[in-house]
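Input: one structure, supplied below.
The values are calculated or read from the model by the stated rules, or taken from the named source; none is laboratory data. Note that the structure is a prediction, hence the values are computed from the model and not measured. FYI the Cβ positions are ideal-geometry reconstructions off the backbone, even for glycines, and counts take in every protein chain you see.
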Amino acid sequence: MDAAFFERPAATVAAELIGHVLLVEGVGGAIVETEAYDRTDPASHSFSGPTKRNASMFGPPGRAYVYRSYGLHWCLNLVCEPGSAVLLRALAPTQGLDTMRARRGLADPRRLCAGPGRLAQALGIDSLYDGLPLDRMPFAWGAPEGPVSVAATTRIGITKGADTPWRFLLAGSAFVSRPLPKSR
């Protein structure tokens, strides 16, 4: 995918990424969960403007924005329009499973990439990936394999802007970080 794919509103990109295959140095799988954040969003790292930490969010679209969450976990985001990005929350792992298992120290494929920190660890993502272009190595992309049913719901793990329905999931996937809320 080239930069033009990402040079759009983050919510549009986040929904359209569901089902696409992402590999990092040959390791990865189908994207099954994303969240969108933009500059007007109080939950976004870009809400208060550019800083050293979020500089990649204000760079060209189609770049990686990698940050450390709570000082513990790396998170991989894909930069869209200036000040906006898509957080990758979960993959259905298909390539490099042995590598992911070694990095994560577990065998259950449903837990290898279910959550942004787990996903980054399984893919070997750290600060060295921040700012890298997404349209060349170490990143590789593939189209969805068949029809994709996308569900939207509110984002999780945040307190500001938590009611914004910018979390997108592959409907019925067993690999998401948290299933859709049950309908009442």
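Determine which member of the set Leu123, Leu97 is closer than 18 Å to Tyr65 by Cα and at pLDDT 95 or above.
Answer to the selection: Leu123.
Could you list, in sequence order, the residues of the range 163-181 that are more than 15 Å from the chain's Cα centre (by Cα), more than 11 Å from Glu35 (Cα to Cα) and in contact (Cβ under 8 Å) with a residue 60 or more places away in the chain?
Once the filter is applied, which keeps residues that are more than 15 Å from the chain's Cα centre (by Cα), more than 11 Å from Glu35 (Cα to Cα) and in contact (Cβ under 8 Å) with a residue 60 or more places away in the chain, the range 163-181 yields Ser173, Ala174.
On to the next question. Any residue at all in the range 135-157 that is within 26 Å of Leu72 (Cα to Cα), modelled with pLDDT of 95 or more and either in contact with a Pro (Cβ under 9 Å, 6 or more places away or on another chain) or not in a loop (DSSP other than H, G, I, E, B) (or both)?
Yes.
Give the residues of the range 144-166 that are closer than 15 Å to Leu91 by Cβ and not β-branched (Val, Ile, Thr), sorted by residue number.
Pro144, Glu145
Another one. For the list (1) surrounded by fewer than 21 Cβ atoms within 10 Å (Cβ to Cβ); (2) of a type in the set (Gly, Ala, Ser); (3) under 23 Å from Leu170 (Cα atoms), I need the number of the one condition that Gly29 fails.
(1)
Please enumerate the residues belonging to the range 48-76 that are crowded, with 16+ Cβ neighbours inside 10 Å, touching a Ser or Thr at 6+ places or on another chain (Cβ under 8 Å) and modelled with pLDDT of 80 or more.
Passing the criteria: Met57, Phe58, Arg63, Ala64, Tyr65, Val66, Trp74, Cys75.
Would you confirm, using the coordinates I've provided, whether Asp41 is surrounded by fewer than 24 Cβ atoms within 10 Å (Cβ to Cβ), within 14 Å of Trp166 (Cα to Cα) and more than 15 Å from the chain's Cα centre (by Cα)?
yes
Arg111: surrounded by fewer than 22 Cβ atoms within 10 Å (Cβ to Cβ), of a type in the set (Lys, Arg) and at pLDDT 90 or above, yes or no?
yes
Only one of Pro82, Pro93 is part of a loop (DSSP other than H, G, I, E, B) and touching a residue at least 12 places away in the same chain (Cβ under 8 Å); which?
Pro82
Is it true that Gly83 is crowded, with 16+ Cβ neighbours inside 10 Å, under 16 Å from the mean Cα position of the chain (by Cα) and closer than 24 Å to Leu170 by Cα?
Spelling it out, it is not the case that Gly83 is crowded, with 16+ Cβ neighbours inside 10 Å, under 16 Å from the mean Cα position of the chain (by Cα) and closer than 24 Å to Leu170 by Cα.
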